[in-house]
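Here it is, the structure in full.
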Amino acid sequence: MDDLERHKQQVRRFYDEIWNRADLTAMPDVLTTDVVFRGSLGVELTGHAEFASYVREVTSALADYRCDIEGLVAEAEQVVARMTSSASIAARSSGSRRRGGGCPGRASRSSHSPKAGSPTSGFSATCTASPSS
């Protein structure tokens with residue numbers, strides 16, 4: 001396996017093992033200890049501890065959270081991934097004023113495909129379950 005393919009494999013592991021499975025034990029094999037992570041909504045984290053805390057926060061708040069790679073481009077020492085993240089958002093009562101999306105009284109499914117220059121473009125939420133009683 002050449003270097004470009006190894007780099008692409010690390011990116012695949014990052015999304016599959018760390019995000020899709022929430023397997024934080026994979027971090028030492030996938031990320032350097034001084035990793036700097038910039039989330040699509042502006043958060044910037046440094047190191048394994050900060051990043052692990054963020055992964056736990058996201059994956060515990062969003063049921064069946066996952067990142068699906070749509071494409072990878074590798075050149076020299078860089079790999080760029082185009083991916084879509086999706087999750088189910090728990091139902092909330094119709095009187096709730098909590099921010100964060102979702103459909104009143106229904107479960108919803110959200111997906112996000114970040115576009116360059118706009119972290120919120122490509123976001124959609126769809127009601128997928130019948131109203132709660």
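The values are calculated or read from the model by the stated rules, or taken from the named source; none is laboratory data. Nothing here was measured: the structure is a model prediction, and the numbers come from that model. Methodologically, a virtual Cβ is constructed for each residue, glycine included, from the backbone with ideal geometry; neighbour enumeration extends over all protein chains shown.
For residues in segment 25-46 being at pLDDT 90 or above and over 21 Å from residue 9 (Cα atoms), which is surrounded by the most Cβ atoms within 10 Å (Cβ to Cβ)?
45
For segment 17-47, how many residues meet the condition of being touching a strand residue (DSSP E or B) at 6+ places or on another chain (Cβ under 8 Å) and of a type in the set (D, E, K, R)?
Qualifying residue count for the region: 3.
Using the structure shown, decide if residue 64 is exposed (fewer than 15 other Cβ atoms within 10 Å of the Cβ), acidic (Asp, Glu) and modelled with pLDDT under 95.
When the stated conditions are applied, residue 64 passes them.
Another question, then. Considering only residues of segment 67-89 that are aliphatic (A, V, I, L, M) and surrounded by 13 or more Cβ atoms within 10 Å (Cβ to Cβ), which is modelled with the lowest pLDDT? Give the steps one after another, and end with the answer.
Going through segment 67-89, the residues aliphatic (A, V, I, L, M) turn out to be 69, 72-74, 76, 79-81, 83, 87, 89.
Among the residues that remain, those that are also surrounded by 13 or more Cβ atoms within 10 Å (Cβ to Cβ) are: 69, 72, 74, 79, 81, 83, 87, 89.
Working: 69: 92, 72: 91, 74: 89, 79: 90, 81: 90, 83: 87, 87: 87, 89: 71.
For segment 67-89, the residue satisfying everything is 89.
Being in a strand (DSSP E or B) and under 15 Å from residue 2 (Cα atoms) is the filter here; which residues of segment 65-86 pass it?
Going through segment 65-86, the residues in a strand (DSSP E or B) turn out to be 65-75, 78-86.
Answer for segment 65-86, where residues must be in a strand (DSSP E or B) and under 15 Å from residue 2 (Cα atoms): 73, 74, 75, 78, 79.
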